[in-house]
Amino acid sequence: MKPRHKRFAMITTGVAALGIAAVLVLNAFEKNLVFFFTPSQVAANEAPQGRTFRIGGLVEPGSVKRQPDGVTVQFVVTDTAQTIPVLYRGALPDLFREGKGVVTQGRLGPDGMFHASEVLAKHDENYMPPEAAEALKQAHAKGAQAAQTLVTNPPTGK
Amino acid sequence: MTGHNWTRASVNWFKYSSPQTFFPLAAKLVPWFGAAAALLCVAGLYIGFFVAPTDAQQGEAYRIIFIHVPAAWMSMFIYVVMAFWAGAGLVFNTRLSGMMASALAPSGALMTFIALWTGALWGKPTWGTWWVWDARLTSELILLFLYFGFMALQAAIDNPRRADKAGAVLALTGVVNIPIIYFSVQWWNTLHQGASVSLKSAPSMAATMFAGMIVMALGFWMYSIAAALLRVRCIILEREHRSDWVAQHMGTLK
């Protein structure tokens, strides 16, 4: 074995060992590296108790209610399995929309209401012109309609 | 016999592994890469600002993607290339490899800084915040500190060969961070969205948007090569200043 082969072997082993160490450390920290908890995790008591944390999910369509004072907003965060009602006083980001992603930081009250101190919008990785989005929406609506027709008029065999 | 002919016909690339022969080659290559960078960036920005459509969700704010994503790609790619040269220097004990690694670091740091900065500018209008400590953003910030650490460590050691070796160990250690940055959005809950472009699936964006991003990425690539070659020429002159050929070269300049 030439010296340079030896050095190459040593470096490869070193980097591989580091990689394995990193994987193990990250695995151990996995629970602490989450940026937000989903409503299902909160329901399963996996979220920290008695201190602020973040929850993330979708803003449930039709759930956003502005209170008469104009700055307090109430909405529901859902991961389609569980839901958490959120109360927030302050300005919402531009991309905050019903049916879209949201991450909010705050404290869970004893009443089950999440009192948020910060609301962030989480957008997805899809970029398309408005016309394409409109076409998609229409196709989706048509598909949903078709699905509904199937459900409401099942082929009755009775 | 044919093998013999083939070797004679092909370029002897190892010839360019010596600083003395690489120095004039780099000078010849720089204008080409520089011109390609300028052309591609102008074309990419034109596509990005005038051809690509508005985004349905984010409106015009998304257009910063044409700088942000290519810079972020380059920040990771340059690090891998830098670590490769640093590792090659350790293994083969070649002088030029270490110089290449040192020449790449500032460009990598610049790309990382641009990615972080444009990300902050993009985050404020869309997410509602300049910065969050999620896995993607934090690991990219660590990348910036790795570049800074590499440069500071090399600057702190007077003997260039020892500086190269110490830097190489740091650079190779930091490689671990690259897959963490790339896969952070898959492994953990992050505020940062997932990748729009991957090798496995079709890009989840309109074709003209994708084209603008790719052209910009190529432009950044060409720029980084040109900048690294310019920088490596300076490093070669600095480190070989006692040799005859540098004295001769400087003499012809006078």
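The values are calculated or read from the model by the stated rules, or taken from the named source; none is laboratory data. Note that the structure is predicted; figures quoted are calculated from it, not measured. FYI the Cβ positions are ideal-geometry reconstructions off the backbone, even for glycines, and counts take in every protein chain you see.
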Helices (runs of 4 or more DSSP H) (entirely within segment B:168-254) containing at least 2 residues that are on the phi < 0 side of the Ramachandran plot, aromatic (Phe, Trp, Tyr) and within 17 Å of the chain's Cα centre (by Cα): B:207-239
Residues of segment B:215-254 satisfying the condition of being β-branched (Val, Ile, Thr) and either in contact (Cβ under 8 Å) with a residue 40 or more places away in the chain or in contact with a Ser or Thr (Cβ under 8 Å, 6 or more places away or on another chain) (or both): B:Val215, B:Ile225, B:Val232, B:Ile235, B:Ile236
Per the filter on segment A:1-26, residues among the polar types (S, T, N, Q) and surrounded by 11 or more Cβ atoms within 10 Å (Cβ to Cβ) are A:Thr12
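I'm checking my understanding of the structure. Among residues of segment B:78-87 that are touching a residue at least 40 places away in the same chain (Cβ under 8 Å) and under 9 Å from the mean Cα position of the chain (by Cα), which one is surrounded by the most Cβ atoms within 10 Å (Cβ to Cβ)? Step through it out loud before you land on a result.
Step one: of segment B:78-87, the residues touching a residue at least 40 places away in the same chain (Cβ under 8 Å) are B:78-80, B:82-83, B:86-87.
Narrowing the set further to residues that are under 9 Å from the mean Cα position of the chain (by Cα) leaves B:78-80, B:82.
On the way: B:Ile78: 26, B:Tyr79: 26, B:Val80: 12, B:Met82: 28.
So the residue we want is B:Met82.
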For segment A:29-61, give me the residue count where each residue is of a type in the set (Phe, Trp, Tyr) and touching a Gly at 6+ places or on another chain (Cβ under 6 Å). 1
Taking B:Ser102 and the conditions (1) crowded, with 23+ Cβ neighbours inside 10 Å; (2) within 18 Å of B:Leu229 (Cβ to Cβ); (3) within 14 Å of chain A (Cβ to nearest Cβ), which numbered condition does it fall short on, given that it satisfies the others? (3)
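What are the residues in segment B:12-31 that are β-branched (Val, Ile, Thr) and more than 23 Å from the chain's Cα centre (by Cα), if any?
Correct list: B:Thr21 only.
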Which condition from (1) within 13 Å of chain A (Cβ to nearest Cβ); (2) among the aliphatic types (A, V, I, L, M); (3) under 27 Å from A:Gln105 (Cα atoms); (4) buried (at least 18 other Cβ atoms within 10 Å of the Cβ) is the one that B:Leu90 breaks? (3)
Hits in segment B:131-145 (condition: crowded, with 17+ Cβ neighbours inside 10 Å and either in contact with a Cys (Cβ under 9 Å, 6 or more places away or on another chain) or more than 13 Å from chain A (Cβ to nearest Cβ) (or both)): B:Glu140, B:Leu143, B:Leu144
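Filtering segment A:100-137 down to residues that are away from every other protein chain (no Cβ under 13 Å) and without any contact (Cβ under 8 Å) to a residue 12 or more places away in the chain, which residue is farthest from A:Arg51 (Cα to Cα)? Write out each step before concluding.
Initially, segment A:100-137 is screened for residues away from every other protein chain (no Cβ under 13 Å), giving A:106-115.
With the extra rule that they be without any contact (Cβ under 8 Å) to a residue 12 or more places away in the chain, the set shrinks to A:109-111.
Details: A:Gly109: 10, A:Pro110: 12, A:Asp111: 15 Å.
The extreme case among them is A:Asp111.
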In segment B:113-169, the residues that are under 20 Å from B:Met74 (Cβ atoms), touching a residue at least 40 places away in the same chain (Cβ under 8 Å) and polar (S, T, N, Q): B:Thr118, B:Ser139
Looking only at segment A:84-104, which residues are surrounded by fewer than 19 Cβ atoms within 10 Å (Cβ to Cβ) and over 20 Å from B:Gln58 (Cα atoms)? A:Pro85, A:Leu87, A:Arg89, A:Gly90
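Please go through segment B:43-78 and pick out each residue that is part of a helix (DSSP H, G or I) and at the interface with another protein chain (Cβ under 9 Å from one of its Cβ atoms). Can you show your working first?
Initially, segment B:43-78 is screened for residues part of a helix (DSSP H, G or I), giving B:43-51, B:60-78.
If the condition is that a residue be part of a helix (DSSP H, G or I) and at the interface with another protein chain (Cβ under 9 Å from one of its Cβ atoms), then B:Ala61, B:Tyr62, B:Ile65 are the ones that fit.
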Which of the residues belonging to segment A:100-158 are hydroxyl-bearing (Ser, Thr, Tyr) and at pLDDT below 65? A:Thr149, A:Thr152, A:Thr156
Take the residues in segment A:68-99 that are under 16 Å from A:Phe36 (Cα atoms) and in contact (Cβ under 8 Å) with a residue 40 or more places away in the chain; name whichever of them is farthest from the other protein chains (Cβ to nearest Cβ). A:Thr83
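Of these, A:Thr38, A:Thr52, which one is within 12 Å of chain B (Cβ to nearest Cβ), surrounded by 11 or more Cβ atoms within 10 Å (Cβ to Cβ) and either more than 20 Å from the chain's Cα centre (by Cα) or closer than 16 Å to A:Gly106 by Cα (or both)? Before you say what the answer is, go through the steps one by one.
Numbers: A:Thr52 fails: within 12 Å of chain B (Cβ to nearest Cβ).
The conditions single out A:Thr38.
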Give the residues of segment B:196-213 that are within 14 Å of chain A (Cβ to nearest Cβ), free of Cβ contacts under 8 Å to residues at least 12 places away in the same chain and not polar (S, T, N, Q), sorted by residue number. B:Lys200, B:Ala202, B:Pro203, B:Met205, B:Ala207
